1. Would you mention how many residues in segment 234-257 are open to solvent by less than 10 Å² (accessible area, probe 1.4 Å) and within 14 Å of ligand 1 (Cβ to nearest atom)?
2. Within segment 29-59, which residues are closer than 23 Å to Asp75 by Cβ and among the β-branched types (Val, Ile, Thr)?
3. In segment 144-175, what count of residues is obtained for those that are away from ligand 2 (no atom under 16 Å from the Cβ), touching a strand residue (DSSP E or B) at 6+ places or on another chain (Cβ under 6 Å) and open to solvent by less than 20 Å² (accessible area, probe 1.4 Å)?
4. Every residue in segment 140-174 that is in a loop (DSSP other than H, G, I, E, B) and under 19 Å from Met100 (Cβ atoms), please.
5. Counting only residues that are without any contact (Cβ under 8 Å) to a residue 60 or more places away in the chain and in a helix (DSSP H, G or I), how many does segment 104-116 have?
6. When residues of segment 133-150 are filtered for being within 13 Å of ligand 1 (Cβ to nearest atom) and closer than 12 Å to Val176 by Cα, how many remain?
7. Given the criterion surrounded by fewer than 20 Cβ atoms within 10 Å (Cβ to Cβ), within 16 Å of ligand 1 (Cβ to nearest atom) and of a type in the set (Gly, Ala, Ser), identify the matching residue among Gly98, Gly82, Gly56.
8. On the basis of being among the hydrophobic types (A, V, I, L, M, F, W, C) and open to solvent by 60 Å² or more (accessible area, probe 1.4 Å), does Ala5 make the cut?
Amino acid sequence: MSKKAGILLYLSFEAEGKRQVFEQYFPDRSIVDAKEEADPDTTDVEYAVVWQPAPGMLASVPGLKVIFSLGAGVDHLFHDTGLPDLPVVRFVDPDLTGRMVEYVVLQCLMHVRQQRHYDGFQRKRQWKELEQPAAHAFRVGILGFGHLGQACARGLLALGFQVNGWSRSGRAMDGVASFDGSGLDDFLAQTDILVCLLPYTAETRGLLNSGLFSRLARNGPFGAPVLINAGRGGSQIEDDIVAALEDGTLRGASLDVFQQEPLPADSRLWNFNNVVITPHAAAVSNADALVTYVKRQIEQFEADGSLENIVDLSRGY
Ligand code: NDP
Ligand code: OXD
């Protein structure tokens, strides 16, 4: 079998057999693991699949043509100031999208159905019922109304939630009130549950702060609003979240992403019963789904030069 152009992998985390999956799907291409190999031979490499690549590593691959991000987000690439001027393709796939919908719907229901309170009662063997508003009484505001935000909106609408979406361009969807970048205040004033699915860019850095929390609705079923962030930790100010939970500005939170990951053991966020913490696990990239996606894109690229889901590097997402 004649060898086709090779693929370079660089995954900053424990890759759990991803290399083997690539080798299985691409028997006719060399797979070079630049994280694991001391002196990787990249002479025939034209594609790279990466998560947090070492700065300068991609620029050192002479024949590189396309960079694939292991995830939907691409901020992990930008600490490499020498990133070569090549197309960057991000991971957009029904498997990952479905996982994010599961996470967001679950977290909305956890708060709406007051699950953490019931968990507390159960631990104390207490038979106690709380007043329970229905899903349709809650306004879920989704910050970042792109691929994932819109999919989550569909899941929430199916359960009866009211849904508002905020995006730079004011993306529209049937059954959803849309707000553009300039409509943030109106959007927040109508939000009982704030779901952040924003990419991390210069504009979204630190957006989830005290000032923003104080502009959320306080006339919803529970009075105080809830924050759910599965976008990026750099968009949140954790000291402000702690303060807002302590003074009641926020009723609760579900956080999957953090300013520093892993979340340090001494973070005060661990202390709150009404904060659901997960380890950046809302929507992992499944190996088979990822490799199938990369394979399809490479075949298409080699056939006609086209690629899907190319990142606009000037916007940062
Ligand atoms: P998209 O690019 O499809 O959507 C991004 C959305 O954010 C768009 O609606 C965009 O507006 C909006 N946006 C970006 N910047 C601004 C801004 N400054 N002001 C207002 N709106 C803005 O991305 P995805 O939906 O696929 O993914 C979103 C993010 O989710 C990823 O970047 C990643 O950080 C995170 N993620 C987290 C995972 C996890 O496991 N926790 C897993 C996967 C992704 P417009 O539509 O106008 O362009
Ligand atoms: C992603 C992620 O961006 O897992 O896909 O965070």
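The values are calculated or read from the model by the stated rules, or taken from the named source; none is laboratory data. Not measured: the values here are computed from a predicted model. Virtual Cβ from ideal backbone geometry, glycine too; neighbours counted across all protein chains shown. Heavy atoms of the whole protein, side chains included, go into the accessibility calculation; ligands, DNA and RNA do not. Shrake-Rupley method; radii C 1.70, N 1.55, O 1.52, S 1.80 Å.
1. First, the residues of segment 234-257 that are open to solvent by less than 10 Å² (accessible area, probe 1.4 Å): 235-236, 241-242, 244, 250, 252-257.
From what's left, within 14 Å of ligand 1 (Cβ to nearest atom): 235-236, 254-257.
The number of residues fulfilling the criteria is 6.
2. Within segment 29-59, Val49, Val50 meet the criteria.
3. 7
4. Hits for segment 140-174 are Gly144, Phe145, Gly146, Leu159, Phe161, Ser167, Arg171.
5. Here is the first cut: in segment 104-116, the ones without any contact (Cβ under 8 Å) to a residue 60 or more places away in the chain are 105-106, 109, 113-115.
Checking which are in a helix (DSSP H, G or I) leaves us with 105-106, 109, 115.
Qualifying residue count, segment 104-116: 4.
6. Initially, segment 133-150 is screened for residues within 13 Å of ligand 1 (Cβ to nearest atom), giving 141-150.
Filter once more, keeping what is closer than 12 Å to Val176 by Cα: 141-142, 145, 149-150.
Number of matching residues: 5.
7. On the way: Gly82 fails: within 16 Å of ligand 1 (Cβ to nearest atom); Gly56 fails: within 16 Å of ligand 1 (Cβ to nearest atom).
It is Gly98.
8. Details: among the hydrophobic types (A, V, I, L, M, F, W, C): yes; open to solvent by 60 Å² or more (accessible area, probe 1.4 Å): no.
No; evaluated as a whole, the condition is false for this residue.
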